[in-house]
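Since every read-out is calculated from the coordinates, none of them should be taken as a lab result. For clarity, every value in this text was computed on a predicted model and none was experimentally measured. Reconstructed Cβ throughout: ideal geometry from the backbone, glycine too, with neighbour counts over all protein chains shown.
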């Protein structure tokens, strides 16, 4: 559960199923540490609309979790997550579909292990099911502070997500 006094902001995340499989996708919304209550309300409303239209609910992931997920995505090709050998000296090229899928998988594994699930008995069962599949029940860096607006913008830019956050 995301603590309102943790000093962390949160990103809104959808879990989508595509041609490649399950993928965590940022919605483009980010809420600062002082907006956790607002984030829960907005995400609850967006989830209801999305589910009514046959889509994924919207979940929340801490800033620190998204930082770890982006870092994992960046390291995916260096750690051998892709079988691509089209790059220099037989290394992964970083551009083909296989390389992009390996990066998405790395990002998704971290996010799935640490999204905030709605309270209730279903949440615990879902957490156990997810952790048994991906082997990562929780991933976080609670010592990290909230992301700055610039860091949030960099994450959205790197992931190719339109920033929908209203900033003052």
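The table that follows gives values for the structure above.
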| read-out | value |
| --- | --- |
| Among 101-109, 81-89, the order from most to least packed when residues are scored by Cβ within 10 Å on average | 101-109, 81-89 |
| Label-point separation, residue 51 to residue 86 (7 Å along Cα→Cβ), nm | 4.0 |
| Efficiency of FRET between residue 95 and residue 41 - r from beta-carbon atoms, R0 35 angstrom, step 0.05 | 0.30 |
